[in-house]
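The values are calculated or read from the model by the stated rules, or taken from the named source; none is laboratory data. Worth saying up front: this structure is predicted, and the values here are computed from it rather than measured. With ideal geometry, Cβ positions are generated from the backbone for all residues, glycine too; neighbour counts draw on all protein chains shown. Just so you know, the surface numbers come from the protein's heavy atoms only, side chains and all, with ligands and any DNA or RNA stripped out. Shrake-Rupley method; radii C 1.70, N 1.55, O 1.52, S 1.80 Å.
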Amino acid sequence: MEHVEAVVIGGGQSGLAATHGLLRQGVTPVVLEASDRAAGSWPRYYESLTLFSPARYSSLPELPFPGGDPDRYPHRDEVVAYLTAYAARLDADVRTGRRVAAVRRRGEGFEVELGGGGLLATRVAVAASGTFGRPHRPRLPGLDGFTGTVLHAADYRSPGRFAGQRVVVVGAGNSAVQIAAELARTARVTLASRAPVKFAAQRVLGRDLHFWLTRSGLDTAPLGRLVRTPPTQLVIDDGRYRAALAQGTPDRREVFSGFDGAKVIWADGTREVVDTVLLATGYRPDLPYLAGLDGALDDDGHPRHRAGISSTQPGLAFVGLEWQRSLSSNSLRGVGRDASFIARRLAAHLGRR
């Protein structure tokens, strides 16, 4: 069994930020990343994805996002390149292709079991596998009997394969609206949601929304422990998506009441043949390796924590959870602050402070 000072599970933006924070505290971690590179879920997102925040507000600690225009909205592939460069700059022990199968208590620390074999013993562990590795598939009535194609947004890459199809996108968040609008250029698309889409202007008084969030302090306000149920997500829009819905490309309807073979049953009772149902219904924390760690997760698989520090397992911390400490906790611009906070706590646990 290999003995290490700290283990960070996940090598995406959360894991890299946690690694930076620990190194700053004099703690040397081993980073375990399941995929073949330290870029998290970003390489698997849909091809047209761009950040909602400008480059100037989209950096991890001590490395500004590169490029000439700090007010542009970086593309998915730019983020992948940035994270890869950040990992190299850290000069940390990042081990790719290492999926964690289980974390168990071992004396005053933990035993980390790897999926392909191997054990690590550590005093502290950081679960930084993010919130985008476990697609949420709601139990919609009759969906199991639908004879068409059912996909999650996690499986969507580009609109080409859907050309000419009848597609229903389920959801009302940013991804749902963006994917539905993109698909509507080549397919007949309905955005199905329980409530109308709520928009937030991307620019206010000539400034990007994130300027005002930062200037007001709202972006970093420690509101996490006050948020029991995440608020309804606002779709950040420069006007194009509101206009697309107004033009019916896509059209928006109340979510269907069920299925009949290849047909969707709409709320008014009408039936319509549909080729594909695409669920843009979000994600849940991806923490199956903590299932055997007594009390670390609640019955729904959510971590029990306070500001990222486990409330049941000394030496265990989390980074990258939605509303972990603030509005920006699971974003590039905010994860570094949370990582610095948990790193200080873990260093104290190790007797470093």
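Could you tell me whether residue 131 is within 17 Å of residue 14 (Cβ to Cβ) and surrounded by fewer than 17 Cβ atoms within 10 Å (Cβ to Cβ)? Here the answer is no, as residue 131 does not meet what is asked. Kindly check whether there is at least one residue in region 255-270 that is hydrophobic (A, V, I, L, M, F, W, C), in contact with a helix residue (DSSP H, G or I) (Cβ under 7 Å, 6 or more places away or on another chain), under 15 Å from residue 142 (Cα atoms) and not in a loop (DSSP other than H, G, I, E, B). Yes; the residues of region 255-270 include at least one that is hydrophobic (A, V, I, L, M, F, W, C), in contact with a helix residue (DSSP H, G or I) (Cβ under 7 Å, 6 or more places away or on another chain), under 15 Å from residue 142 (Cα atoms) and not in a loop (DSSP other than H, G, I, E, B).
Scanning region 151-174 for residues that are more than 19 Å from the chain's Cα centre (by Cα), surrounded by fewer than 24 Cβ atoms within 10 Å (Cβ to Cβ) and within 18 Å of residue 253 (Cβ to Cβ) gives 165, 166. When you check residue 207 against the structure, is it over 20 Å from the mean Cα position of the chain (by Cα) and more than 23 Å from residue 339 (Cα to Cα), yes or no? In short, yes. Answer yes if at least one residue in region 58-74 is closer than 25 Å to residue 292 by Cα and either among the small types (Gly, Ala, Ser) or within 17 Å of the chain's Cα centre (by Cα) (or both), and no otherwise. So far as region 58-74 goes, no, none of its residues is closer than 25 Å to residue 292 by Cα and either among the small types (Gly, Ala, Ser) or within 17 Å of the chain's Cα centre (by Cα) (or both).
With respect to the conditions (1) more than 23 Å from residue 179 (Cα to Cα); (2) small (Gly, Ala, Ser); (3) touching a strand residue (DSSP E or B) at 6+ places or on another chain (Cβ under 9 Å), residue 117 falls short on a single one, namely (3).
The residue of region 332-353 that is least open to solvent (accessible area, probe 1.4 Å), among those that are small (Gly, Ala, Ser) and assigned to a loop (DSSP other than H, G, I, E, B), is 334.
Condition first: farther than 16 Å from residue 259 by Cβ and in contact with a Gly (Cβ under 7 Å, 6 or more places away or on another chain). Can you find one or more residues in region 133-150 that meet it? Yes, there is a match, as at least one residue in region 133-150 is farther than 16 Å from residue 259 by Cβ and in contact with a Gly (Cβ under 7 Å, 6 or more places away or on another chain). Would you say residue 329 is among the hydroxyl-bearing types (Ser, Thr, Tyr), modelled with pLDDT of 95 or more and either surrounded by 20 or more Cβ atoms within 10 Å (Cβ to Cβ) or more than 30 Å from residue 253 (Cβ to Cβ) (or both)? Judged against the criteria, residue 329 is not a match.
For region 113-127, filtering for residues that are assigned to a strand (DSSP E or B) and either modelled with pLDDT under 95 or open to solvent by less than 30 Å² (accessible area, probe 1.4 Å) (or both) leaves 8. Within region 175-207, the set of residues being open to solvent by 20 Å² or more (accessible area, probe 1.4 Å) and either on the phi > 0 side of the Ramachandran plot or hydroxyl-bearing (Ser, Thr, Tyr) (or both) comprises 175, 186, 205, 206. Annotation note: of 105, 98, the sole residue that is under 30 Å from residue 311 (Cβ atoms), out of contact with any Ser or Thr (no Cβ under 9 Å at 6 or more places or on another chain) and assigned to a loop (DSSP other than H, G, I, E, B) is 98.
Looking across region 275-296 at every residue that is modelled with pLDDT of 95 or more and in a strand (DSSP E or B), the one that is farthest from residue 136 (Cα to Cα) is identified as 276.
Checked against (1) among the aromatic types (Phe, Trp, Tyr); (2) open to solvent by 40 Å² or more (accessible area, probe 1.4 Å); (3) out of contact with any helix residue (DSSP H, G or I) (no Cβ under 9 Å at 6 or more places or on another chain), residue 110 meets all criteria but (2). Which one of these is assigned to a helix (DSSP H, G or I) and surrounded by fewer than 16 Cβ atoms within 10 Å (Cβ to Cβ): 139, 89? After ruling out the rest, the residue left standing is 89.
In region 264-308, the qualifying residues are those that are of a type in the set (A, V, I, L, M) and exposed (fewer than 15 other Cβ atoms within 10 Å of the Cβ), and the one that is farthest from residue 235 (Cα to Cα) is 291.
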